[in-house]
């Protein structure tokens, strides 16, 4: 059974012409395209003359809390990639794709799809959810071995959905160059311990600065 055509909401930032680099930013399960983690990164990319496209998965547009079924999330991610390519006039293999938690995961699933992978320039995974809450034995890494592009994992050292040791081990399956950027004391929501002296805004600024630098390094 096929997937019905999906209609997505978009938010584009960056140059209108002569785009040299562009990033797709997909949201997490409990957020939408206006989540601060995404807008902070998008703003930093725009300041760096790098285009970005955020979008809402259908369930968010419909006002539902539960994410769409996997086939719809996959189809929506593919459509958003095509939309970014159209807007920037860049082929998919010039795009960096990724985003927060679930959104980043589905970007990686599209890039590492067994039957119809989308070849992209790189994957920017902000808080990759290696496993569901309370289920560390069921890792979401089977497709990692099919990822041949550079991959950046930006994760908190207290992320309950991806421990540092577990994520480091799982990432060894990735065929492309892997970069880790650890957020000291931050949890899955990028919230640091008060004792660290850092605020969530500090952590998000760090995420944004790293993202800009890493994306620039992928220009090639």
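The values are calculated or read from the model by the stated rules, or taken from the named source; none is laboratory data. Note that the coordinates shown come from a computational prediction; the quantities given were computed from them, not determined experimentally. Neighbour counts are summed over all protein chains in view; Cβ atoms, including those assigned to glycine, are modelled from backbone coordinates with ideal geometry.
Structure notes:
- Residues (over 16 Å from residue 45 (Cα atoms) and surrounded by 24 or more Cβ atoms within 10 Å (Cβ to Cβ)) located in segment 77-104: 77, 80, 101, 103, 104
- In segment 1-39, residue nearest to the chain's Cα centre (by Cα) [restricted to those that are touching a residue at least 24 places away in the same chain (Cβ under 8 Å), part of a helix (DSSP H, G or I) and surrounded by 17 or more Cβ atoms within 10 Å (Cβ to Cβ)]: 38
- Scope segment 204-220; condition in contact (Cβ under 8 Å) with a residue 40 or more places away in the chain and in a helix (DSSP H, G or I); matching residues: 204, 205, 207, 208, 209, 210, 211, 212, 214, 215, 216
- Put simply, of 53, 73, 90 the only residue that is under 17 Å from residue 150 (Cβ atoms) and modelled with pLDDT of 95 or more is 90.
- Scope segment 140-174; condition surrounded by fewer than 18 Cβ atoms within 10 Å (Cβ to Cβ) and either outside any loop (DSSP other than H, G, I, E, B) or in contact with a helix residue (DSSP H, G or I) (Cβ under 7 Å, 6 or more places away or on another chain) (or both); matching residues: 145, 146, 157, 164, 165, 166, 168, 169, 172, 173
- Flag for residue 76 being in a strand (DSSP E or B), under 15 Å from the mean Cα position of the chain (by Cα) and in contact (Cβ under 8 Å) with a residue 12 or more places away in the chain: no
Residue-wise test of (1) modelled with pLDDT of 95 or more; (2) farther than 29 Å from residue 159 by Cα; (3) in contact with a strand residue (DSSP E or B) (Cβ under 9 Å, 6 or more places away or on another chain).
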{"position": "15", "(1), (2), (3)": "no, yes, yes"}
{"position": "26", "(1), (2), (3)": "yes, no, yes"}
{"position": "40", "(1), (2), (3)": "yes, no, no"}
{"position": "99", "(1), (2), (3)": "yes, no, yes"}
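- Flag for residue 42 being part of a loop (DSSP other than H, G, I, E, B) and farther than 25 Å from residue 144 by Cα: no
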